[in-house]
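The values are calculated or read from the model by the stated rules, or taken from the named source; none is laboratory data. For clarity, every value in this text was computed on a predicted model and none was experimentally measured. So basically every Cβ, Gly included, is an ideal-geometry build from the backbone, and we count neighbours across all protein chains shown. Quick note on the areas: whole protein, heavy atoms, side chains included, nothing else; ligands and nucleic acids left out. Shrake-Rupley method; radii C 1.70, N 1.55, O 1.52, S 1.80 Å.
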Amino acid sequence: MSKELEWEKKWKAREKQIDDKFKTRFAWQFKEFKEGGYKYRAEVSTGEGWDNLVRDMCQEVEDFFGVGMGYPDKGFKWTQIKSKFGTLRAYFRCDKKLEGEGMQKLLDLIHKYEERSAITCEVCGADAKTQNLGGWIATLCPTHYEQHMKERQERYGDDD
C-alpha cells in the first residue's frame, strides 16, 4: 500500500471518529449552511488529544442554549473547528440575535476552550505547551515534541 493510501485510510478513520464523537451527538450544532451559493457543513480539524476539549465545548454550547430542554437553538452552527497557530480555533454562525449579554457569554465560553488548548497536547491530551516546530506552531507534550523533532531530523536532516 502506498503512503498516500495509508494517509487517506487514517484520514477516513479520523473523520468517522469525529462523526461518532461530535457530529452525531451534537447534530444540531453541525447543520449544513449556505454561503455564496454553496452548501457547507463544519469540519473538525484537530488532533485526537483535543477531542475532550471539543466535546466539552459542544456540551457547554448545548447547555448554554438549553437545547435539551427544548429551547430554540437560535440558529447556532459551527462553521469550523481547527488548530491554528497551535491552539484551538472555533468559528460559528448564530443567525438570530442573542439577548442582553448572551453573545459575550457565548464568546467567553468558546474562548475558555481555546485557552485550554494552549496547555493540552494535540496528540494525546496530556499537559503541554505551544512550541515552534521549525516553522509550524503546535501544542505538544514533551513526548510528542521529541517524537516530532526526531521524525523531522530523519526526514530533513540537520537544520544547522
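With respect to the conditions (1) open to solvent by less than 50 Å² (accessible area, probe 1.4 Å); (2) without any contact (Cβ under 8 Å) to a residue 12 or more places away in the chain; (3) aromatic (F, W, Y), W28 lacks only one, and its number is (2).
Do we have A126 as at pLDDT 95 or above and either within 15 Å of the chain's Cα centre (by Cα) or not aliphatic (A, V, I, L, M) (or both) here? The answer is no for A126. Entry remark, segment 31-40: residues being open to solvent by 70 Å² or more (accessible area, probe 1.4 Å) and in contact with a strand residue (DSSP E or B) (Cβ under 6 Å, 6 or more places away or on another chain) number 3 in total. Residue-level check: of (1) out of contact with any Cys (no Cβ under 8 Å at 6 or more places or on another chain); (2) at pLDDT below 95; (3) surrounded by 12 or more Cβ atoms within 10 Å (Cβ to Cβ); (4) charged (D, E, K, R), E154 misses just (3).
Residues in segment 128-151 that are surrounded by 15 or more Cβ atoms within 10 Å (Cβ to Cβ) and β-branched (V, I, T): T130, T139. Close contacts from segment 107-118, counting a first residue that is touching a residue at least 60 places away in the same chain (Cβ under 8 Å) and closer than 19 Å to T79 by Cβ and a second that is among the β-branched types (V, I, T) and surrounded by 12 or more Cβ atoms within 10 Å (Cβ to Cβ), with Cβ to Cβ under 7 Å and a gap of 6+ residues or different chains, come to S117/T87; S117/T139. Taking G125, is it in contact with a Gly (Cβ under 6 Å, 6 or more places away or on another chain), on the phi > 0 side of the Ramachandran plot and open to solvent by 30 Å² or more (accessible area, probe 1.4 Å)? Taking the combined requirement at face value, the residue satisfies it. Looking across segment 49-75 at every residue that is in contact with an Asp or Glu (Cβ under 8 Å, 6 or more places away or on another chain) and surrounded by 12 or more Cβ atoms within 10 Å (Cβ to Cβ), the one that is modelled with the lowest pLDDT is identified as K74.
Within segment 111-119, can one find any residue that is farther than 18 Å from K31 by Cβ, open to solvent by 40 Å² or more (accessible area, probe 1.4 Å), hydrophobic (A, V, I, L, M, F, W, C) and modelled with pLDDT of 95 or more? Yes. Among the residues of segment 85-100, those that are open to solvent by 70 Å² or more (accessible area, probe 1.4 Å), closer than 19 Å to M57 by Cβ and either hydrophobic (A, V, I, L, M, F, W, C) or at pLDDT below 95 (or both) comprise F85, R93. When residues in segment 1-19 are screened for being open to solvent by less than 90 Å² (accessible area, probe 1.4 Å) and not in a loop (DSSP other than H, G, I, E, B), 9 of them pass.
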